[in-house]
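S.K.: Following this message is one structure expressed as structure tokens.
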Amino acid sequence: MSKILPLDELASVIAKYKAEGKRVALCHGCFDLLHLGHMKHFEAAKKDADVLIVTVTPDRFVNKGPGRPVFMETCAWKPSRRWALWTMWV
């Protein structure tokens, strides 16, 4: 299974993990300029769960001032903000 999923597939992925008895944590945000604080947030959430789901706010809903978000959802390195990321890492 890919670790980058369309948002409409997320509910079934979460249901699968819950049916297996796994605890699921969700972190949602802009994460435009990913920094150490974000990573610590992810690590803290993962400590309380078996699976960490990260969802990203679409650019059209990000209002952090002129020139933001810095990295638009069209950047090649960044998955579209209409997608959910999930991971099993700590």
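S.K.: Six or more apart or on different chains, Cβ under 9 Å: which pairs go from a residue in the stretch 1-23 that's among the basic types (Lys, Arg) to one that's outside any loop (DSSP other than H, G, I, E, B) and surrounded by fewer than 11 Cβ atoms within 10 Å (Cβ to Cβ)? Could you list them?
M.R.: Close Cβ pairs satisfying both conditions: none exist.
S.K.: A follow-up question, please. Being among the charged types (D, E, K, R) and at pLDDT 85 or above is the filter; apply it to the stretch 29-44 and report the residue that is surrounded by the fewest Cβ atoms within 10 Å (Cβ to Cβ).
M.R.: Per the stated criteria, the residue is Lys40.
S.K.: Next question. With the requirement that a residue be within 24 Å of Lys64 (Cβ to Cβ) and surrounded by 14 or more Cβ atoms within 10 Å (Cβ to Cβ), what does the stretch 14-28 give you?
M.R.: Hits for the stretch 14-28 are Leu26, Cys27.
S.K.: If we scan the stretch 5-13, do we find a residue that is at pLDDT 90 or above, surrounded by 11 or more Cβ atoms within 10 Å (Cβ to Cβ) and more than 14 Å from the chain's Cα centre (by Cα)?
M.R.: So far as the stretch 5-13 goes, no, none of its residues is at pLDDT 90 or above, surrounded by 11 or more Cβ atoms within 10 Å (Cβ to Cβ) and more than 14 Å from the chain's Cα centre (by Cα).
The values are calculated or read from the model by the stated rules, or taken from the named source; none is laboratory data. Computed from a predicted structure; not experimentally measured. Methodologically, a virtual Cβ is constructed for each residue, glycine included, from the backbone with ideal geometry; neighbour enumeration extends over all protein chains shown.
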